[in-house]
Each structure stands twice: as structure tokens, then as C-alpha cells.
């Protein structure tokens, strides 16, 4: 059964890799491992990385009911305070290996992932301090990172705006992004599950409405990615990875935040995204990366492959169509063949070409984390699908 394979892969491959990266000298987890598995112990440590490690070990400990995983969640939680700006509020982008501030950018995306990790830790431990920190970051996003049009992106330490290089690419500089809004919604949904609050639910519902009515490009069967401050799309692009991730992640938020009577149009959008991605980008070698102005990026990227598993599983649940289960198995076979590092001390490669050739990307850095593949395992372990 696939759920048994997911449990084994999580507990025997993914979690042990990250357990070995615990920094016993300065706290937290090492921030960089190259593709030869060399650990750079003096590398900066990212807030996104540590927030995602916190979510992964907190959720794994809760779902697996494994007390042996709790110390790794505690370690990530304890180190997360090193990113906190005690004067201005919020969390920094990164710190040096010893915990001193490095990149003091305050990005909305980063605040959202701290909420996500803290809420998961509270759900594991019941520790009120963690819930209070998550709620404070939610209020901060609403006060400092939101304007009349929506959520902003990058800020200096004092929350004065700065340019958004961190979440822009392909020659555009985005004032707003689909990616940031998606993960604000994700963080808010996790916090809502930890603490039911009508104001929080309403903000999540507003984010969902923005996806349905603004970000979703219905004629093109995709989410637009980069926008100016007035939500004019800046690039003719389909991010296959984000679309398949959103196809299940949006539905997860819909079921948590909206009454059933309001869900139908979101179900249609989520299925449209999944079908579009499967038709345009899915092969026996897994899901392609993205399409920009007529050119397809054929790379197979670790997080895209993991999210494909969850998107296909969600589509199978929503439709009852067995073809999604067939493709789910094809996708898992592609992951094991191309993405999983066969070395005993390895985890997943960042990215490979269709022929299996590795790219230069490292095994760990501020974006490369156990959240996508760990979450894939945890959610599929709990699915009712028979595959």
C-alpha cells in the first residue's frame, strides 16, 4: 500500500537525514549541505528553512505519535527565536550560523512560514507561548504587510518597503506574488486549526476570494504568478509546480475556512488546475517545472514532484476517477527513480534533468527543506485512497 511506503520513506529516509543536521554547538540545524553531502557548518541559517523543519518535526511527532521526534521540534522552536526582531517585531530572513542577524529583510512570505511552523508546534505541544507568537505574527502581517489592495512582499527591518528580488524572477520585479499569498493562506489555515478565530477565518476567506477572482486565469487554466501592485499580471507564465500545489492546498483551506455552500466554485478551480497541469506537463518522468513565454523548463525539481503526488491524490478524492491513482503511482515511481538520493546518508536531490543527470543544486540551503516531501508522506499516510 502506498501509505505504508510513505511511512517507511518518511521514517527511514527523510527524517533521519534532517536529524543528522542538528547543530549541537550553536543550536538549530545546519544551513547548507552540498550535493556531495558535505556540511558547511558556518553557513547562514534561513528562517524559512527552520520554520519548515519546525512544521515537519512537529507534525510528524503528532501524526506518528512518536515522542522521539519531539526534541527535533523543540530544537527548531528554540532556534526560531534567533530570527525575532525584538524591537520592530517580525522575523528576519536569515541569521549567521551562531544566531547573529544576517539578512534582516522582513518578507511577508517569511512571516507566514513562521506562523505555519509555530502553529504546528502548538498543535503538538499545547505550548501557549508558541500560539501567542504565531498570533502576534498574524497581527503583524495584517498591520505591517497589508494595504488596501492586498499583501505586500519585502520590507526592511523597520517595515519600510524594499524591492522584491527574493520572490521575483524571469526579469520581472513583482509588487505582489501568487506564491506569497498562497503561503499566507497556508499559515493562516494552520493557525486557524490551532485556534479557531472568526477574524482569522475571514482574512483567509478574503485570500481565497483573491485566488478565485483575481489570480486564477480561467481562460488559460492556470494561476498567474507575478503582479504589479494593482494585480496586473507581469509575465505570460505557468508554474506547473505552484499550480499543482495550489490545486490541493487551496482546497485544504476551503474545507477548513468556508461553509460547504460556498465551496463549489473553488472545487471547480482546483480541479481545473490539476487537469491543466497533468495535460501540459506530466510524463513518465514526473512533472516538468514551468512554462514561460512559450518555452518549457524540463527540469524535475524536488518540491514540484512532491506536490504532484498531493495534487493527484486530491483530484482522485474529489472526482473518484481511478486515472488519477494510476498517475499517482507513475509519479511515485519517477520520484524514486530520479529524485531520491540512493546514498545511505542522502535524502532527495534538488533537481535533475529528464535523463537523470543531476544539476549543481545543493542538498540543503534556505529553500531546500523537509517540508514538501515530508508533508507528502504525512498527508498520504492519512489518505483513504486505496493505491
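Readers should treat all values here as calculations from the given coordinates under stated rules, not as data from a laboratory. The model shown is predicted, which means the values in this text are computed figures rather than measured ones. Ideal geometry is used to build each Cβ from the backbone, glycine not excepted, and the neighbour counts take in all protein chains shown.
Between region 30-82 and region 152-185, the alpha-carbon centres lie 25 Å apart. Reported value for region 309-387: 108 Å³ per residue, from the convex hull of its C-alpha atoms. Extending 7 Å from Cα along the Cβ direction at residue 35 and again at residue 267 yields two label points whose distance is 4.4 nm. Taking the helices alone, the chain has a mean residue ellipticity at 222 nm of -15500 deg cm²/dmol, built from -39,500 (n - 2.57) per DSSP H run of at least 4 residues and averaged over all its residues.
Cβ-Cβ distance of residue 193 and residue 384, R₀ of 30 Å, FRET efficiency by 1/(1 + (r/R0)^6): the value works out to about 0.95. For a distance above 27 Å, tell me the whole-number percent of Cα pairs in the chain that qualify. The share of Cα pairs beyond 27 Å in the chain comes to 46 percent.
Calculated translational diffusion coefficient of region 36-82 (4 °C, 1.567 mPa s; Stokes-Einstein with Kirkwood radius over alpha-carbon pairs) equals 113 µm²/s.
Mean-square fluctuations from a GNM of the chain, with a 10 angstrom spring cutoff on Cα atoms, peak among 360, 248, 348 at 360.
Each distinct pair of alpha carbons in region 289-346 adds a 1/r term; the inverse of their mean, the Kirkwood radius, is 12.8 Å.
For region 61-169, the Stokes-Einstein estimate of translational diffusion at 10 °C and a viscosity of 1.306 mPa s comes to 107 µm²/s, using the Kirkwood hydrodynamic radius over alpha-carbon pairs.
Residue separation of residue 173 and residue 78 scaled by 0.36 nm, minus their Cα-Cα distance, works out to 30.7 nm of gained length. Within the listed set 313, 246, 264, the residue fluctuating most in the Gaussian network model of the chain (springs between alpha-carbon atoms under 10 angstrom) is 264. Across region 36-53, the residues whose backbone nitrogen lies under 15 Å from the label position 7 Å along the beta-carbon direction of residue 98 are 41-45.
Simple spin-label estimate for residue 295 and residue 321 gives 3.2 nm between the two label positions (7 Å along the Cα-to-Cβ direction from each Cα).
Label positions at residue 230 and residue 65, each projected 7 Å from the Cα along the C-beta direction, are separated by 5.7 nm.
Note on residue 353 and residue 128: with the Förster distance fixed at 41 Å, the Cβ-Cβ geometry gives a FRET efficiency of about 0.25.
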